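The values are calculated or read from the model by the stated rules, or taken from the named source; none is laboratory data. Everything quoted here is computed from the prediction, not taken from an experiment. These area figures cover heavy atoms from the full protein model, side chains too; ligands, DNA and RNA do not enter into them. Shrake-Rupley method; radii C 1.70, N 1.55, O 1.52, S 1.80 Å.
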Amino acid sequence: MKKVGIIGWRGMVGSVLMERMRQEGDFQGYEPSFFSTSQAGQAGPEVNGTVYELLDARNVALLSEMDIIVSCQGGGYTAEVHPQLLAKNWAGYWIDAASKLRLDEDSIIVLDPVNRNVIDQGLAKGIKKYIGGNCTVSLMMMGLGGLFAKGWVEWITSQTYQAASGAGAKNMRELVEQMRLVGENAQDYLDDPATTILNLDRNVIDTLRNPAFPTANFGAPLAGSLIPWIDSPMDNGQTREEWKGVTETNKILGLAPGTIPIDGCCVRIGSMRCHSQAFTVKLKKDIPLSEIEQAIGEHNQWVQLVANTKEETLKELTPARVTGTLDIPVGRLRKMNIGPEYLSAFSVGDQLLWGAAEPVRRMLKIALEYIG
Ligand code: NAP
């Protein structure tokens with residue numbers, strides 16, 4: 001029986017991965033082992049009635065017995081352990097949620113509803129590193145996959161509205177903590193309907209600007225505000241998150257770097273775990289909206305066209321609606337008044353599911369099928 005080692009299973013991405021694997025009955029047909037960098041020897045997760053003892057995630061000899069390793073542990077761990085495995089001539093498959101190996105020449109960014117052909121070619125060529133993509137990029141490609149598949153895209157700008165979860169569990173807590181403080185401090189004003197709106201507004205802004213307001217993780221208030229900066233700076237004025245758009249999209253599609261130009265502004269907002277994006281797509285030619293809708297809607301089973309009406313938008317196209325589901329609604333679809341080749345669209349997706357755990361979960365199944 002093939003052996004699969006799972007590391008990072010109790011982290012945020014790893015927990016969502018475990019939840020999905022249980023839902024889908026994925027723990028079958030192979031022998032799983034669970035590793036930890038801090039809890040070796042302790043009881044790990046229960047799977048199909050067995051409680052697995054945690055193995056040491058730094059024990060390279062043990063790891064090298066695995067046919068497939070799935071890591072949701074983080075880039076530091078990958079940087080530390082993956083080279084040691086290679087030094088032992090380990091020939092297994094490394095499937096990773098971290099970005100560390102994403103742009104290596106001999107790695108594939110996995111998003112099989114979009115690039116199954118690239119994955120299959122990679123397996124056939126003997127590539128062993130399969131890495132989940134950046135959440136924003138994966139969610140864009142799930143939503144607009146039909147346009148890419150048709151070869152209609154000349155370029156895209158994407159303005160993002162990204163959730164707290166993309167920054168980690170501590171940041172999710174900090175956002176809710178900020179919301180609590182705002183609500184608590186405003187309570188008297190809210191309870192008194194006679195309060196003028198300017199007094200309520202002043203109260204909220206006083207809370208946000210109070211030096212004691214909890215911003216240790218985000219570095220600025222997010223509740224009642226936003227932060228137009230995600231990740232580290234690049235030399236060209238982009239943030240790394242913005243740079244990933246063009247870099248990863250082309251790699252996912254198996255295209256040469258920069259073939260399809262993509263750029264935009266990535267913004268953190270007070271959503272818990274859904275990223276949203278507003279797209280301007282420059283099409284290569286004037287394509288009727290009905291054909292565009294068909295191409296997008298038929299591309300994969302998770303994308304869901306939302307009629308460009310207020311009722312449908314409020315019902316279907318919000319983080320509150322989409323969170324915790326695999327749905328990728330795409331709406332606000334219309335030709336822009338700039339010209340008939342310019343398309344506007346808006347999409348929402350759960351960044352821990354299609355943005356992180358789901359492509360990794362599916363890649364494990366693909367790799368298991370491949371090695372038989
Ligand atoms: P995380 O929640 O910080 O978990 C990583 C590890 O931290 C766990 O596997 C666990 O490892 C350890 N840990 C220590 N204290 C813990 C606690 N109280 N609860 C749970 N785990 C604890 O990391 P993550 O956000 O899932 O990210 C993992 C990787 O996925 C990163 O490379 C990240 O960049 C990437 N990624 C993240 C997202 C996202 O939205 N968060 C999206 C795509 C990719 P031990 O058992 O070994 O101690």
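Before moving on, here are some points about what is shown:
- Cα centroid separation, the range 3-51 to the range 79-129 (Å): 20 Å
- The percentage of C-alpha pairs in the chain whose separation is greater than 26 Å is 55%.
- Accessible surface area normalised per residue over the chain is 45 Å², counting heavy atoms of protein chains with a 1.4 Å rolling probe.
- Carbon + sulfur, % of accessible area of the chain - ligands and nucleic acids excluded, 1.4 Å: 50 percent
- Cα Rg, Dmax, the range 252-372, angstrom units: 16.2, 53
- Cα-based radius of gyration of the range 121-274 once divided by 2.2 N^0.38 Å, which approximates compact folds: 1.36
- Which listed pairs, of K284/K310; K100/K284; K2/K129; K100/K282; K2/K365; K3/K365, have C-alpha distances above 24 Å, in listed order: K284/K310; K100/K284; K100/K282
- Ordered from highest to lowest accessible area with the whole protein assembly present and a 1.4 Å probe, R173, R321 read as R173, R321.
- Our estimate of slack between E65 and Q42, defined as 0.36 nm per intervening residue step minus the Cα-Cα distance, is 6.2 nm.
- Eligible aspartates and glutamates near K244 by straight Cα distance, threshold 13 Å, same-chain separation 8 or greater: D231, D263
- Cα convex hull volume per residue for the range 194-280 (Å³): 153 Å³
- Net length gained if the chain between Q187 and E154 were fully extended (0.36 nm per residue, minus Cα distance): 6.8 nm
- Based on DSSP H segments of at least four residues, each scored -39500 (n - 2.57), the chain has a per-residue ellipticity at 222 nm of -11500 deg cm²/dmol.
- Taking all Cα pairs closer than 8 Å and separated by 6 or more residues, the relative contact order of the chain comes to 19 percent.
- Other-chain or far-sequence residues with amide H under 5 Å of T323's (modelled H): none
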